[in-house]
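Participant: Please find one structure pasted underneath; my questions will follow.
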Amino acid sequence: RVLHQLVPCGAEEVDEAIQSAHSAYLKWSKLSGMERARVMLEAARITRERREDIAKLEVINNGKCITEALVDIDVAWQTMEFYAGMAGTLTGQHIQLPGGAFAYSRREPLGVCAGIGAFNYPFQISVTKSAPALACGNAMVFKPSPMTPLTAVIMAEIYKEAGVPDGLFCVVQGGAETGSLLCHHPKIAKISFTGSVPTGKKIMEMSAKGVKQVTLELGGKSPLIIFKDCDLENAVRGALMANFLTQGQVCCNGTRVFVQREIMPQFLEEVVKRTKAIAVGDPLLDSTRMGAMISKPQLDKALGFVTQAKKEGAKVLCGGEAFVPSDPKLKGGYFMSPCVLDNCRDDMTCVKEEIFGPVMSVLPFDTEEEVIQRANNTTYGLASGVFTRDISRAHRVAERLEAGTCFINNYNNSVVEMPFGGYKMSGFGRENGQVTIEYYSQLKTVVVELGDVENHF
């Protein structure tokens, strides 16, 4: 149901936000890294104190279950702490030149950065983008998804309470038109976008006109490879983690589950049993493990993929239907029963295209060489996973998989300390980890001559 009415920001509001962010940037960028760190640590403390309230609002905002939302808020404050810790370490190099001359490099902020968020992790993404940006001395204008506009505003309030200059983290609401205004604005130095491949291409095109830096974190159709020598219990848990978090609306999900033929019957029996047992319903209840899809169109799209899969010969082992919880208050909700598809082939629509819903496609394989070829036969390259007890095979396969992340004997275990981002059409640039500092700063080289200039002319 409708929670709130918001007015999309037009050219005037976007310009006002950017000018405000630029004024704040001029003050913020002059602070030392340690001074910025203290403010960011205060923001982390406030977030940690309010985690239950923010998590509840995130459930209402997005539909995911409360147990997941609480983890999202914890990841957010940990991200602030991580980049606060890095803020005081941003240094350049000293280079000795002949004859007493020397050069040094300075790592400087970019200016006003734009963050464009997705609907699946609304609060967390607002921090994933803003924390490294602020640590480097930048300001950020953030546009949340129009489907989840609420919690980014809470983040802006927290930053303000923590002591950042007014306007340093500004939120603009709206859809594609508002995003386009950010991409074209001359005072925006960089765009960081999380979302679909088609939108990512448009953002790249628009940003190119102003030669703006871009980080794109786009879609995926990630392979999860389960070898016969795996710990089957852990492999089943991994497959569930790889497919059903946030109602399957996760870009790095391992939705192509390749299972070695010898263990296929045992795997399917166990994974179907566990999938049927997933509690779907009121996401504010601690016992719920799957909430509602983000919107009616997204629910219909996911259900349409299941219908198409059946037409192409896939077998539905469980789920794949609109779900009506027993609570009468929830009967109009966009719930879907989690689905496992068997009898899948590599050329099926459900195996090739990103569904962004709770649908697991299971495919048999025979040899390591064969499964690597099939796993890499996609335009995407965001994540991947391998379950095996053979340490040599685990690292060998991880090296050959064309993806930005490979999970070995686990899945979706993403933490702030490690870089995250894609290969191929899953985008470029990285979020999280130390390397992200490079995507929110630029290097200046200063050359110093202590002697006389060479008399060449």
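Participant: So, residue 263, is that one without any contact (Cβ under 8 Å) to a residue 60 or more places away in the chain and more than 26 Å from residue 67 (Cβ to Cβ) or not?
Facilitator: Details: without any contact (Cβ under 8 Å) to a residue 60 or more places away in the chain: yes; more than 26 Å from residue 67 (Cβ to Cβ): yes.
For residue 263, the condition - without any contact (Cβ under 8 Å) to a residue 60 or more places away in the chain and more than 26 Å from residue 67 (Cβ to Cβ) - is met.
Participant: Sticking with this one: Give me a count of the residues in the range 372-400 that are in contact with a helix residue (DSSP H, G or I) (Cβ under 7 Å, 6 or more places away or on another chain), open to solvent by less than 50 Å² (accessible area, probe 1.4 Å) and over 30 Å from residue 126 (Cβ atoms).
Facilitator: Selection size over the range 372-400: 6.
Participant: May I ask you to say which residue of 128, 79, 148 is open to solvent by 10 Å² or more (accessible area, probe 1.4 Å) and of a type in the set (Ser, Thr, Tyr)? Show your work before the answer.
Facilitator: Values: 79 fails: open to solvent by 10 Å² or more (accessible area, probe 1.4 Å); 148 fails: open to solvent by 10 Å² or more (accessible area, probe 1.4 Å).
Only one candidate qualifies: 128.
Participant: How many residues does the range 424-457 hold that are assigned to a helix (DSSP H, G or I) and surrounded by fewer than 17 Cβ atoms within 10 Å (Cβ to Cβ)? Outline the logic, then answer.
Facilitator: Filtering the range 424-457 for residues assigned to a helix (DSSP H, G or I) gives 424-426, 434-440.
So of that shortlist, the ones also surrounded by fewer than 17 Cβ atoms within 10 Å (Cβ to Cβ) come out as 434-435, 438.
Looking only at that region, the number is 3.
Participant: Another question, then. Tell me, which residue of the range 323-347 that is closer than 20 Å to residue 271 by Cα and part of a loop (DSSP other than H, G, I, E, B) is most open to solvent (accessible area, probe 1.4 Å)?
Facilitator: The extreme case among them is 345.
Participant: Quick one: residue 48 ticks every box in (1) open to solvent by 80 Å² or more (accessible area, probe 1.4 Å); (2) touching a strand residue (DSSP E or B) at 6+ places or on another chain (Cβ under 9 Å); (3) charged (D, E, K, R) bar one, so which box is it?
Facilitator: (2)
Participant: Can you tell me which residues in the range 179-196 are crowded, with 20+ Cβ neighbours inside 10 Å and polar (S, T, N, Q)?
Facilitator: Of everything in the range 179-196, those that are crowded, with 20+ Cβ neighbours inside 10 Å and polar (S, T, N, Q) turn out to be 192, 194.
Participant: Considering (1) within 18 Å of residue 153 (Cα to Cα); (2) within 18 Å of the chain's Cα centre (by Cα); (3) among the basic types (Lys, Arg), say which one residue 64 fails and leave the rest.
Facilitator: (1)
Participant: Determine, yes or no, whether residue 166 is acidic (Asp, Glu) and open to solvent by less than 50 Å² (accessible area, probe 1.4 Å).
Facilitator: Criteria not met by residue 166.
Participant: Return the residues of the range 292-340 that are free of Cβ contacts under 8 Å to residues at least 40 places away in the same chain and in contact with a Cys (Cβ under 6 Å, 6 or more places away or on another chain); say none if nothing qualifies.
Facilitator: Scanning the range 292-340 gives a single hit, 320.
Participant: A further question on this structure: Checking residue 302 against (1) at pLDDT 95 or above; (2) among the small types (Gly, Ala, Ser); (3) over 23 Å from residue 270 (Cβ atoms); (4) part of a loop (DSSP other than H, G, I, E, B): exactly one of these is not met. Which one?
Facilitator: Checking residue 302 against (1) at pLDDT 95 or above; (2) among the small types (Gly, Ala, Ser); (3) over 23 Å from residue 270 (Cβ atoms); (4) part of a loop (DSSP other than H, G, I, E, B), the one that fails is (4).
Participant: A further question on this structure: All but one of (1) assigned to a helix (DSSP H, G or I); (2) open to solvent by 30 Å² or more (accessible area, probe 1.4 Å); (3) touching a Ser or Thr at 6+ places or on another chain (Cβ under 6 Å) hold for residue 369; which doesn't?
Facilitator: (3)
Participant: For the list (1) under 17 Å from residue 73 (Cβ atoms); (2) among the β-branched types (Val, Ile, Thr); (3) within 20 Å of the chain's Cα centre (by Cα), I need the number of the one condition that residue 158 fails.
Facilitator: If we test residue 158 against (1) under 17 Å from residue 73 (Cβ atoms); (2) among the β-branched types (Val, Ile, Thr); (3) within 20 Å of the chain's Cα centre (by Cα), just (3) comes out false.
Participant: Name every residue in the range 245-259 that is polar (S, T, N, Q) and open to solvent by 10 Å² or more (accessible area, probe 1.4 Å), in order of residue number.
Facilitator: 255
Participant: Next question. Condition first: among the aliphatic types (A, V, I, L, M) and either over 23 Å from residue 18 (Cβ atoms) or in contact with a strand residue (DSSP E or B) (Cβ under 9 Å, 6 or more places away or on another chain) (or both). Now tell me which residues in the range 89-127 satisfy that.
Facilitator: Result: 90, 95, 97, 101, 103, 110, 112, 114, 116, 118, 125.
Participant: Please find, among 432, 376, 343, the residue that is over 16 Å from the mean Cα position of the chain (by Cα), touching a residue at least 24 places away in the same chain (Cβ under 8 Å) and at positive phi.
Facilitator: One residue alone meets the criteria, 343.
Participant: In the range 208-247, how many are farther than 22 Å from residue 360 by Cβ, in contact (Cβ under 8 Å) with a residue 24 or more places away in the chain and in a helix (DSSP H, G or I)?
Facilitator: Residues that pass the stated criteria total 1.
Participant: May I pose another question? Condition check: assigned to a strand (DSSP E or B), crowded, with 17+ Cβ neighbours inside 10 Å, more than 28 Å from the chain's Cα centre (by Cα) and modelled with pLDDT of 95 or more. Does residue 316 satisfy that? Please lay out each step first, then the result.
Facilitator: Working: assigned to a strand (DSSP E or B): yes; crowded, with 17+ Cβ neighbours inside 10 Å: yes; more than 28 Å from the chain's Cα centre (by Cα): yes; modelled with pLDDT of 95 or more: yes.
Criteria met by residue 316.
Participant: Which of the residues spanning the range 203-240 are under 21 Å from the mean Cα position of the chain (by Cα) and within 18 Å of residue 375 (Cβ to Cβ)?
Facilitator: The answer is 219, 220, 221, 222, 223, 224, 238, 239.
Participant: Name every residue in the range 402-457 that is more than 29 Å from residue 107 (Cβ to Cβ) and out of contact with any strand residue (DSSP E or B) (no Cβ under 9 Å at 6 or more places or on another chain), in order of residue number.
Facilitator: Within the range 402-457, 402, 424, 425, 452, 454, 455, 456, 457 meet the criteria.
The values are calculated or read from the model by the stated rules, or taken from the named source; none is laboratory data. Every value quoted in this text rests on a predicted model; they were computed, and no experiment measured them. Here Cβ is always computed from backbone atoms with ideal geometry, including for glycine, and neighbour counts include all displayed protein chains. Note: accessible area is taken over every heavy atom of the protein model, side chains too, but ligands, DNA and RNA are not part of it. Shrake-Rupley method; radii C 1.70, N 1.55, O 1.52, S 1.80 Å.
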